[in-house]
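The block underneath contains the structure these notes are about, expressed in structure tokens.
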Amino acid sequence: MTRIVGVHGIGNYGYVEKHGSVHAATEAIGADWTRWLSEPDHARVAVGYYAHLLRRGTAQGTDDVTLLEPGEQELFVAWVDLLLGVPQTAQGRATAKVRQAADWLTNRYGRTATRLATMFVKEVNTYLHRTEESFRVNARDTVAETIRANRPEIVIAHSLGSVVTYEALWAHSDLKVDLWITLGSPLGMNQVIFQRLRPGPMNDRCGRPPGVKRWVNLADIGDLVAIPADLRTRFDDVEQPGPLRIAAVDFHAVRNYLRCRDVRELLRAHE
């Protein structure tokens, strides 16, 4: 049976709140991923659970951008500028810029998108931008240990999990993976994530982790987190299938990615 490790994305601390411990949360999210994938010819999915390691006790799912820290507000504005295509948010006070960005995002995509954005910038800021290295190192090493312990043929990483996995695979050269699938990945997000990766870009490009034989990136055409959707624009040795449509509304949810035909075809082709 094919061994698979999953690495979750943003917004998963609720598993600890619901189940009471990190161990129970890890088991529960693994059961969910296994059910959503629903492929009979692979073992239970083991998920590298790191959400508790990025938790700083601040509210996550809110559309009140004024509650964001200054660094988080900067990321929020930078992300909205990427969605706009060119920087168009107001100059001046940071709070004015972030409010204008939030108004545009809410009017264009709805309040759910703004809540997603605030959750995203909080966790990205904690992982990549804060001076306390322990957040980044602990999350990265936890994912590496999950891969090492389970020795999977396939690793599937969603959202911010693709960033943590990218750095884990580079930092731990002993890790070997036949197929790495990234879903809704923000790895190429300019001025928010891409330039802060470790290892970072050379000549404005990054590469496939050396222990990975094959890397396939999938992104829904409406996924607001996957910017750019095609990682070939910034990374070498990554495959990018054609435009993907996993859901009409909930286009970043991992359950919809795992249920989509493209993921299942990749797994079946690998058997």
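The values are calculated or read from the model by the stated rules, or taken from the named source; none is laboratory data. These numbers were taken from a predicted model, which means no experiment stands behind them. Every residue, glycine among them, receives a Cβ derived from its backbone with ideal geometry; neighbour counts consider all protein chains shown.
Numbers at a glance
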read-out: Residue list for the range 223-241, filter: of a type in the set (V, I, T) and within 18 Å of G200 (Cα to Cα); value: I227, T233, V238
read-out: Residue match in the range 133-152 (condition: of a type in the set (K, R) and closer than 19 Å to R214 by Cβ); value: yes
read-out: The one condition in (1) loosely packed, with under 14 Cβ neighbours inside 10 Å; (2) within 29 Å of D178 (Cα to Cα) that R111 fails to fulfil; value: (2)
read-out: Selected residue (criterion: farthest from the chain's Cα centre (by Cα)) from residues of the range 231-252 that are closer than 19 Å to L266 by Cα, modelled with pLDDT of 95 or more and surrounded by fewer than 16 Cβ atoms within 10 Å (Cβ to Cβ); value: D237
read-out: Qualifying residue in the range 212-226 (condition: charged (D, E, K, R) and surrounded by fewer than 21 Cβ atoms within 10 Å (Cβ to Cβ)); value: yes
read-out: Long-range neighbours under 6 Å by Cβ, at least six apart or interchain, first residue closer than 22 Å to I221 by Cβ and modelled with pLDDT under 55 within the range 83-107, second surrounded by 11 or more Cβ atoms within 10 Å (Cβ to Cβ) and among the polar types (S, T, N, Q); value: none
read-out: Any hit, the range 42-51, residues being at pLDDT 90 or above, closer than 18 Å to R115 by Cβ and among the small types (G, A, S); value: yes
read-out: Segments classed as strands (runs of 3 or more DSSP E), wholly inside the range 127-222, with at least 1 members that are in the same structural domain as E265 (by TED's automatic domain parsing) and among the aromatic types (F, W, Y); value: 177-183, 212-218
read-out: Filter result (among the hydrophobic types (A, V, I, L, M, F, W, C) and in contact with an Asp or Glu (Cβ under 7 Å, 6 or more places away or on another chain)) within the range 169-196; value: L179
read-out: Any hit, the range 3-19, residues being touching a strand residue (DSSP E or B) at 6+ places or on another chain (Cβ under 9 Å) and surrounded by fewer than 20 Cβ atoms within 10 Å (Cβ to Cβ); value: yes
read-out: Any hit, the range 197-211, residues being touching a residue at least 12 places away in the same chain (Cβ under 8 Å), among the aliphatic types (A, V, I, L, M) and surrounded by 20 or more Cβ atoms within 10 Å (Cβ to Cβ); value: no
read-out: Residue list for the range 145-163, filter: closer than 27 Å to D220 by Cα and aliphatic (A, V, I, L, M); value: I147, I154, V155, I156, A157, L160, V163
